[in-house]
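The values are calculated or read from the model by the stated rules, or taken from the named source; none is laboratory data. What you see is a predicted model, and the numbers here were worked out from it, not measured in a lab. Every residue, glycine as well, gets a Cβ built from its backbone with ideal geometry; the counts of neighbours run over all protein chains shown.
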Amino acid sequence: MRFPRAWSTCIPIAALCVCAHGQDPPAAVPAAVKDAPPVAETKGIPPRAAPGDYQAHAPAGTVTVAAEFVGHAVPIPEGPTYTTEDYVAVETALYGPSGARLKISSGDFSLRIYAKKTKPVPNEPFGMVFRSLKDPEWEDANALDAKAKSQSTSINTGGKAQSEPPAPVHMPIPLRHAMEQRVEKAALPEGDRALPQAGLIFFPFHGKTDKIRSMELIYAGPAGTATLSLQP
């Protein structure tokens, strides 16, 4: 079968167009997107078997809010316990009926501390804790090492040994990064989540916890409202 001259001319041109289209290079990825670090999703901590296993619990609609005050400690599941002088932590959990989901936000929580202040203290993101976060085990080991070095480099002045003050030592960046990652994973997961969920939330408080007479954790979120009485 013979094709008309016009068809025989168009067919190769069309084929070339198809090939050229198939060989188009992929669209360039913007540098801001390409260089952006992966978003780390917080995992929280395993919820306890029931709300009654916490220090306090209260209903908020069909959801039950449970919590336990852990003070300036920052406990990590199956890991070390860190500390922070500028914040206190509350282990919080949310339970619901089978198959229930809830939009969770740490901003739905506030803490009223009956000590110097009676006004509820709003929650702050876990990243704010990093500035005062410490690893007591590393701090103790570093203090012993610094003391040993100080004694070995003591100088003699008029028959009296005088130790040189140890130079301040900061935690190595890889160790600090690992510590911050563990705290991030232990923080209360946020967003639309299947219940139950549990994790740590943080509130600014620089004082000693033994000065706290009592406190109330206040939840005001999509599930409703609840007030839990906590003990220091």
Hits in region 43-57 (condition: of a type in the set (A, V, I, L, M) and surrounded by fewer than 19 Cβ atoms within 10 Å (Cβ to Cβ)): Ala49, Ala50
In region 122-138, what count of residues is obtained for those that are part of a strand (DSSP E or B), charged (D, E, K, R) and more than 14 Å from Gly107 (Cβ to Cβ)? 1
List pairs: first in region 217-232 and under 14 Å from Ile201 (Cβ atoms), second at pLDDT below 95 and surrounded by fewer than 14 Cβ atoms within 10 Å (Cβ to Cβ), Cβ under 8 Å, 6+ apart or cross-chain? Leu230/Ser214
Single unsatisfied condition, Gly199 versus (1) under 24 Å from Asp86 (Cα atoms); (2) at pLDDT below 90: (2)
Restricting attention to region 67-121, report how many residues are touching a residue at least 40 places away in the same chain (Cβ under 8 Å), not in a loop (DSSP other than H, G, I, E, B) and not hydroxyl-bearing (Ser, Thr, Tyr). 23
